[in-house]
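The block underneath contains the structure these notes are about, expressed in structure tokens.
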Amino acid sequence: MEIKPSDNKILIVDDVISNVLLLKVLLKNEKYNIVTANNGTEALSQVLEEKPDLILLDVMMPDLDGFEVCERLKKDKETAGIPIIFLTALNNTSDIVKGFQVGANDFISKPFNKEELLIRVKHQISLITARRIISRQNKELQRTISARDKLYSVIAHDLRSPIGSVKMVLNMLLINLPTEVIGEELYDLLNTANKTTEEVFSLLDNLLKWTKSQTGRLNVVYQDINIVDTVEGVVQVYNAAAELKKIKIVHDIPEQIMVHCDTDMVKTVIRNFMSNALKFSPKETTITVDVKTIDDSFAQVSVQDQGCGIDDEGQKKLLHEDTHYSTFGLNNEEGSGLGLLLCKDFVNKNGGELWFETKKGEGSTFFFTVPLTKS
């Protein structure tokens, strides 16, 4: 970190003119910008006018002593952040303690040593420079994050609607144009386009929700619901897709488990679990959906597949924002890695937990919990 003394202004406050002149010469030789004051009242005025980066403040002065000047400066939001080094002949413990209590950053005893003075001044200036750099970088980071979130939101929001329309058209074409009408090759192309559109729509939907969640624009609306009905409703939606892949979905769940949660968020989590299970399950396998209560406090939902599983390296990266892990499905369906991060965020917002168990080549089980309705 490069420190440029000429970028920093130091206010010297002392009622003894010879001390002021000596300090001024020493610090000017080091290329610092110098302003001076001969008493406490003048010091307060100079601080507001000159806005110094550092103050060298004498303690013993006739009108306002250094302790009172320091105390006033620290109580004012405009001047509270300016570091203060006390120049004092007082060196007993009680005076030093009082100085730090009113907000001093350091002490230099009179008569001062030139090298000690310059080192202590440089140390405070280096801290100021570091704070400036951190503050500037924080502002730049906030601007970058804001621009990114806005971009994500615009992309997701503006593309979601037209992609939804394309998805609907492709679904209608597949229903009304069977293989015997348009031929197997064209039907396969339509089917591929439909799958790709479904994946893009799902990604945009997740991206929109993720952006709203991260920017605090997605509110959690708690309701008391029967989570069994919610799970069965989502499973029903995926039955058709499972039949096409010759995958069986089984569930043996109770009739009712009442939970306190945001319905839309919970549905999003279950949809992602089901979508991933289908994506990574080979033909002629089974997906098992289970709902039960845990410790009379939570409902636990799990989706188990007999798919490819996740290797040890992948398990370390899954559910971590910094690694953003994703992989391809058995039919080369591409994932964004965003779905499970969104699920984890939604489950946490609802007071539950999300985790998984998996073994390469043997399948995976994903779990989440939500609080039961309080009786």
Handout entry: 15 Å beta-carbon shell around residue 360, net charge (K/R +1, D/E -1)
Key = -3
Practice task
For the chain, calculate the relative contact order in percent as a whole number, restricting contacts to Cα pairs under 8 Å that are 6 or more residues apart.
Solution key: 10 percent
Completion exercise
Labelled set (1) 1.60; (2) 1.10; (3) 0.98; Cα Rg over 2.2 N^0.38 Å computed from this model equals the value at (1)
Practice task
With label points built 7 Å along Cα→Cβ from the Cα atoms of residue 172 and residue 49, find their separation and express it in nm.
Solution key: 7.8 nm
Completion exercise
Taking every other residue with Cβ under 14 Å from the Cβ of residue 174 and scoring Lys and Arg +1, Asp and Glu -1, one gets -2
Handout entry: Pairs of Cα atoms farther than 19 Å apart, segment 108-212, %
Key = 68 percent
Problem - Proximal aspartates and glutamates to residue 139, defined as alpha-carbon separation beneath 17 angstrom and excluding residues fewer than eight positions away on the same chain - result: 149
Problem - DSSP-defined beta bridges in segment 156-314 - what % are antiparallel, rounded to 5 - result: 75 percent
Exercise for the section: May I ask you to derive the FRET efficiency for residue 106 and residue 316 from their Cβ-Cβ distance with R0 = 56 Å, giving the value to the nearest 0.05? Expected result: 0.75
Problem - Mean separation of Cα contacts under 8 Å, 6 or more apart, over the residue count of segment 5-112: relative contact order % - result: 24 percent
Exercise for the section: Mind giving me the nanometre distance, one decimal, between the label points for residue 184 and residue 229, set 7 Å out from Cα along Cα→Cβ? Expected result: 4.6 nm
Exercise for the section: Sort 61-67, 74-80 for me by packing, meaning the mean count of neighbouring Cβ atoms within 10 Å per residue, highest on top. Expected result: 61-67, 74-80
Completion exercise
Expressed in angstrom and ordered largest first, the alpha-carbon extents of segment 5-112 along the principal axes are 35, 32, 23
Fill in the blank from the handout: Listed with the fewest Cβ neighbours within 10 Å leading, 311, 58, 252 appear as 252, 311, 58
Fill in the blank from the handout: Charge dipole of segment 72-201 built from unit charges on the beta carbon (Lys, Arg +1; Asp, Glu -1), centred at mean Cα; most positive-end Cα among 182, 94, 126 is 94
Problem - Cβ-based net charge around residue 255, under 15 Å, with every Lys or Arg adding one and every Asp or Glu removing one - result: -3
Exercise for the section: Give, to the nearest whole percent, the P(r) tail of segment 220-375 beyond 24 angstrom, counting all Cα pairs. Expected result: 30 percent
Handout entry: Simple Cβ-charge dipole of segment 5-112, Lys/Arg +1 and Asp/Glu -1, about Cα centre, in debye nearest 20
Key = 240 debye
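Throughout, read-outs are computed from the coordinates displayed, never taken from laboratory work. No experiment lies behind these values; they were computed from the predicted model shown. Cβ sites come from the backbone with ideal geometry, for glycine too, and all protein chains shown count toward neighbours.
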